[in-house]
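The values are calculated or read from the model by the stated rules, or taken from the named source; none is laboratory data. Keep in mind the model is a prediction, meaning the values are calculated, not measured. Because the Cβ atoms are built from the backbone with ideal geometry, glycine has one as well, and the counts that use them run over all protein chains shown. Quick note on the areas: whole protein, heavy atoms, side chains included, nothing else; ligands and nucleic acids left out. Shrake-Rupley method; radii C 1.70, N 1.55, O 1.52, S 1.80 Å.
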Amino acid sequence: MLSSLTITEAHERLKKHTVSAEELTKACIERIEKVDHRLNAVIHRNFERALEQAKEVDRKGEFDHPLTGIPYLAKDVYCEAGVPTTACSNVLREKTYIPPFDSTTTRRLKAVGAISLGKTNTDEFTMGASTETSCYGPTRNPWDSSRVAGGSSGGSAAGVAADLCFFALGTDTGGSIRQPVGFCSCVGLRPTYGRTSRFGVMSMASSLDTIGPLAKTIEDIAIVLQAIAGKDDRDATTVDVPVPYYRKALTGDIDGLRVGLPKEYFIEGMAPDVERSVRDAAKQFEELGATIVDISLPHTKYATATYYIICPSEVSSNMARYDGIRYGRTIGKPQNLLDYYERVRSEGFGVEVKRRIMIGTYALSAGYFDAYYRQAQKVRTLIRRDFEAAFEEVDVILSPVSPTPAFVVGAHTDDPIAMYLEDIFLSSQVLAGIPALSVPCGFSKENLPIGLQIMGKQWDEATILRAAHAYEQATQWHRKKPML
Ligand code: GLN
């Protein structure tokens, strides 16, 4: 099947002219049409434009860039000129928001000739860990349709794992690339905060939001990161640090690499299959010549609680623009201004978005700011210092991605705290702003994928990619595909 090729493999064929961009695009479209009714990963199909673009690329016939002619899917928060973008929220869906401009990332991809196939499902405004809060309904896990694909980039992860595209774009505010990738068995990277531009990507929590790629192999991640990374004048939080040539880092050699294993990430209640797979992965690293070092990140236990103060606080401010005047659905015949705001916002937003606006507004209010928000910012600093100290001793840190494999659809619907605890291993890195990725490391007894998290120093994506690539080459977990 053509759509199951990696970017690297597809690029080789394009260069030799044994396949065309149009054929690759058609292969993805056929695959989406054949299997997506079981997944609900793609919520806006941009097929006509994609085919036109592919034909244009074929006409030029130049395939020097590894992404030229390669079809991809973007999470439904990336603005693309002329393409409906709704953040999977009724607030924007009912008015079909069509952005007049491109996000920096999709613009950079367009410039090298990558082909946008459409938009993937996400939790509403990316708030969630299961893609169940989407106004389009949940995305199903390609390995077991009774289970969630994870979230919030669940549509992107299921799309890559089910070969609907060659790569996808996601966002990771508190784990939303790494967790669904772990649940669906593909690869995903959350770059260092500031490495990729947030311009044109709908904001959830601005000091945490990071945009990044999902793909089938580490090499493909390196290719996409190369194309999207780097300073952007339109996003003042991007930083002008050199972007290395990432593929050069993929040597397969990790001899002498110091790998930390933090004791706080092996907790009571985690699934035995997850613990076993991650410990086996650590052994594999040792066999490849790395040294395993037991480390401690003592403030880990506060990370998720801290995240769930800072994130909703920023959410409460970012959601203010969806008032039906600047953006979003509006209502007819309000009785007065208050009635207008109450109805427009309470009818438009889903339960989880409203919960976060309430928590955030409370945490930022005059009487509680010091007790919650300021305190959370202090703990954030302690968590960042934990990593700084650890990275004096080690080059990368290994951990599980999630405490269990994918859960059943609806399992946490009435229990937001249980849903928040899904992020238990994923909140620290975002508070510290460091890069982290998820790579497949095994399967549970029920044949559900298990992910391995690899974290690195700020700006040092190259080393985590090198480590993950060496591991991937030695283990081949990534070759296993779901039956669809
Ligand atoms: N599960 C996390 C949350 O609900 C992560 C969301 C994200 O990274 N977008 O906030």
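Within a straight-line Cα-Cα reach of under 17 Å, Lys301 can be paired with the following lysines, leaving aside sequence neighbours fewer than 8 residues apart in one chain: Lys263, Lys378. The helix-only estimate of mean residue ellipticity at 222 nm for the chain, built from DSSP H runs of length n ≥ 4 each weighted as -39500 (n - 2.57), is -11500 deg cm²/dmol after division by the residue total. Rounded to 0.05, the FRET efficiency of the Val241 and Tyr368 pair, given R0 = 30 Å and the Cβ-Cβ distance, is 0.25.
Once Rg and the Kirkwood radius are both taken over the C-alpha atoms of region 218-270, their ratio Rg/Rh works out to 1.14. Within the same chain, aspartates and glutamates fewer than 8 places from Lys354 are excluded, and of the rest, those with a Cα less than 12 Å from its Cα are Glu124, Glu342. Extension gain, Glu12 to Glu347, is 115.6 nm, computed as 0.36 nm per intervening residue step minus the present C-alpha separation. The Cα atoms of region 219-315 give a gyration tensor whose axes a ≥ b ≥ c have a/c of 1.5 or more with a/b no greater than b/c, which makes the shape oblate. In terms of the mean number of neighbouring beta-carbon atoms within 10 Å, the peptides 42-55, 19-32 order highest first as 19-32, 42-55. Per-residue packing, averaged as other Cβ atoms within 10 Å, sorts the ranges 129-138, 285-294, 177-186 into the order 177-186, 129-138, 285-294, beginning with the highest.
For Val160, Val351, the ranking by accessible surface with the largest value first comes to Val351, Val160, using a 1.4 Å probe. Between the residues Phe266, Ser145, Thr86, the greatest Cα displacement towards the positive end of the dipole of the chain, with unit charges on the Cβ of Lys, Arg, Asp and Glu, is found for Thr86. Within straight-line reach of Lys16, meaning a Cα separation under 18 Å, sit the following aspartates and glutamates at least 8 residues removed in sequence or on another chain: Glu56, Asp58, Glu62, Asp64. For the residue pairs Lys26/Lys480; Lys75/Lys248; Lys95/Lys333; Lys119/Lys231; Lys75/Lys110, the alpha carbons lie more than 20 Å apart in Lys26/Lys480; Lys75/Lys248; Lys119/Lys231. Starting from the Cα gyration tensor of region 70-173, take the square roots of the eigenvalues, sort them a ≥ b ≥ c, and report rounded, prolate or oblate (rounded when a/c is under 1.5, otherwise prolate if a/b is larger than b/c, else oblate). Oblate shape, in that a/c is at least 1.5 and b/c is the bigger or equal ratio. Put simply, the Cα atoms of the chain extend 68, 56, 45 Å along their principal axes, the longest span coming first. Spin-label model, Tyr327/Lys263: points 7 Å from Cα along the beta carbon direction are separated by 4.5 nm. Normalised by the number of residues in the chain, the mean separation of alpha-carbon contacts (under 8 Å, six or more apart) gives a relative contact order of 17 percent. The shape of region 333-412 comes out oblate: with a ≥ b ≥ c from the C-alpha gyration tensor, a/c is at least 1.5 while a/b does not beat b/c. Once the Cα-Cα distance is subtracted from the 0.36 nm per residue extended length, the Ala389 to Asp280 segment shows a gain of 36.7 nm. A crude spin-label estimate for the pair Asn447 and Leu382, with each label 7 Å from Cα along the Cβ direction, gives 4.6 nm.
Placing unit charges on the Cβ atoms of the charged side chains and taking the dipole of the chain about its Cα centre, the candidate lying farthest along the positive direction among Ala390, Gln53, Leu24 is Gln53. Run the paramagnetic zone check for Thr413: 7 angstrom along Cα to Cβ, then residues of region 331-350 with backbone nitrogen under 19 Å. Only 349-350 fall inside the zone, counting backbone N under 19 Å.
Charges were assigned to the Cβ only: +1 to each Lys and Arg, -1 to each Asp and Glu. The resulting dipole of the chain about its Cα centre is roughly 800 debye.
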